[in-house]
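The values are calculated or read from the model by the stated rules, or taken from the named source; none is laboratory data. What you see is a predicted model; the values in this text were computed from it and never measured. Ideal geometry is used to build each Cβ from the backbone, glycine not excepted, and the neighbour counts take in all protein chains shown. Quick note on the areas: whole protein, heavy atoms, side chains included, nothing else; ligands and nucleic acids left out. Shrake-Rupley method; radii C 1.70, N 1.55, O 1.52, S 1.80 Å.
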Amino acid sequence: MAYSYQELLEKNRRYLWNPFTQMKEYLQDEPLIIERGEGVKLIDVLGNEYYDGNASVWLNPHGHNRRELNEAIIEQLGKIAHSTLLGMANVPSILLAERLVQLAPENLDKVFFSDSGAEAVEIGLKMAFLYWKHRGRPEKQIFLSMKNAYHGDTVGAVSVGGMDLFHASFDKLLFQTEKVSYPYPYRFPGTKEECKEACLRELRERLEEKGDRIAGLIVEPMVQGAGGMIMMPEGYLAEVEKLCRRHDVLLLVDEVATGFGRTGKMFACEHEGVQPDIMMVGKKLTGGYLPVAATLTSDEVYDAFYGDHEEVKTFFHGHSYTGNQLGCAVAIANLDLYEKERLVEYVAETSRLLADWLSEIGQLPHVGEVRQLGFMVGIELVRDKRTKEPYSWADKIGVRVCRRARELGLITRPLDHVITLMPPLAATPEDLKAMVRILHRAIREVTES
Ligand SMILES: *Cc1c(COP(=O)(O)O)cnc(C)c1O
């Protein structure tokens, strides 16, 4: 080790600004500095080991330091690290595009690469916007999105976002969108079915009123992730698709969090047999190794841009590293591993065991609801279980529980008062059980003290 923890900490303080981090709080605490990873564990520079309970913010499926993935990068590195995709192509990007189209819902035929989920979302929005223009309906230019949604942090992605805590302060910077409610049965005064109907009514009315001017609807399928792991009632997403079709509105699904097996299906859309017009993927695409994301779309959308030079229908969008060979090569190796290890089936089967163990957490006096789909878990903490009175931001309840969990050997991040568990998909039943045990103890100790 070239530098001591103290030296690194000092350099962190002097030079590095961490994302989504209040630096004052962070620097006053004992900052965690990771040195390496082995399987589902992260190991810090002091040699402490932790379960990676949120898969390094939702993107690691197979665990860290997987030989097959390391080798794929090394092999590609022996050929070339990067060449541009603008006006030319490269081998791994072509092969990865084919793989993605084979895996994705049938309606999706073409792949446009980028480097992050937020960019994949921006690209999807621009595609939908120009699709209508090229089709001779330029009046369709508004986007419909969900309250409490999270689609990434670039300005376009924030415009279709709806989390006040992250987004409200940027208000003046954003383009206008229409927003409707995402079903949140736990906080709806009525049954789950009534919640679903109320949300569908709201959507139907908005589409009847403004559908002519709406280009597309963007939604997180089945689970609103960063908004608090909020889960759609059965049948809702299929109805959303029908309403979009009826009103000639493109359906954009953001599978950045839910994609690649997180919910027990390869893509969350499959739970309801939904065929989106545009789908964004990012997290887990490269096995958590390198920043590659993708926007998939139909031939119908692609063809609207296809034309002669003079028509100027070229999609003028791209990034320096679009289609990066190292990233695409490791993504292919990642998808090979999914197949070889039947990882999605494993998540679907093992999530039942996980549900059993989580049910004990649900019994705790300050746990309002445990929400789970596959290996995607949110635990909503409440001050009063009977009245569902929430904790306030100032209580820092989520931060305190996750801080305690870290002392007990598990890393995860709270979404305000919702504790998340998003383990690597390859976590064994023993790993999962140990993670749940730590969370149980951390929640009990912090909420009962
Ligand atoms: C994380 C996330 C994004 C943003 O992806 P980045 O790679 O962080 O830009 C977009 N949508 C959803 C649903 C996400 O969870």
- Query: Between residue 448 and residue 204, what is the label-to-label distance in nm when each label sits 7 Å out along the Cα-to-Cβ direction?
  - Reply: 4.7 nm
- Stretched out fully, how many nm does the piece from residue 275 to residue 43 gain, at 0.36 nm a residue minus the Cα gap? 79.4 nm
- Among 264, 398, 87, which one shows the biggest mean-square fluctuation in a GNM of the chain, springs joining Cα atoms closer than 10 Å? 87
- One finds, for residue 11 and residue 91 with R0 = 35 angstrom and r their Cβ-Cβ distance, a FRET efficiency to the nearest 0.05 of 0.35
- accessible surface per residue for the chain, probe 1.4 Å, DNA/RNA/ligands not counted, whole Å² -> 46 Å²
- Message: At 1.4 Å probe size, what's the solvent-accessible area of residue 387? Round to the nearest 10 Å².
- Response: 70 Å²
- Which entries in the list 41/283; 24/147; 179/313; 242/313; 210/284; 172/283 go over 27 Å, if you measure between the two C-alpha atoms of each? 24/147; 179/313; 242/313; 210/284; 172/283
- Query: Rounded, prolate or oblate: which fits the chain, taking a ≥ b ≥ c as square roots of the Cα gyration tensor eigenvalues, rounded meaning a/c under 1.5, else prolate when a/b beats b/c?
  - Reply: oblate
- Query: Going from most exposed to least, what order do 58, 17, 357 have by accessible area with a 1.4 Å probe?
  - Reply: 17, 357, 58
- Most mobile listed residue (390, 429, 19) in the chain, GNM with C-alpha springs under 10 Å: 19
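Find how much the distance from residue 306 to residue 164 grows on full extension, using 0.36 nm per residue of separation minus their present alpha carbon separation; answer in nm with one decimal. Don't skip to the answer; put the middle values down first.
On the way: separation 142, 0.36 × 142 = 51.12 nm, distance 3.88 nm.
This chain segment gains 47.2 nm when fully extended.
Rounded, prolate or oblate: which one fits segment 221-359, using the alpha carbon gyration tensor with axes a ≥ b ≥ c (rounded when a/c is under 1.5, else prolate when a/b beats b/c, else oblate)?
It comes out oblate by the Cα gyration axes.
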- Task: Can you tell me the FRET efficiency between residue 392 and residue 83 if r is taken as the Cβ-Cβ distance and R0 is 51 Å, rounded to the nearest 0.05?
- Result: 0.45
- Task: Mind jotting down the distance between the C-alpha centroids of segment 188-214 and segment 280-317, whole Å?
- Result: 30 Å
- Query: By DSSP, what percent of the beta bridges with both residues in the chain are antiparallel, rounded to the nearest 5?
  - Reply: 70 percent
- Query: How many percent of the accessible area of the chain is carbon or sulfur, using a 1.4 Å probe?
  - Reply: 52 percent
- Just the accessible area for residue 112, please: 1.4 Å probe, Å², rounded to the nearest 10? 50 Å²
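By per-residue mean of other Cβ atoms within 10 Å, what is the highest-first order of 164-177, 370-383?
Descending mean neighbour count gives 370-383, 164-177.
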- Note on the structure: Residue-ordered couplings for segment 72-82, obtained by feeding phi - 60° into the Karplus form 6.51 cos²θ - 1.76 cosθ + 1.60 and rounding to whole Hz (Gly and Pro as x), are 4, 5, 4, 5, 5, 4, x, 9, 6, 8, 7
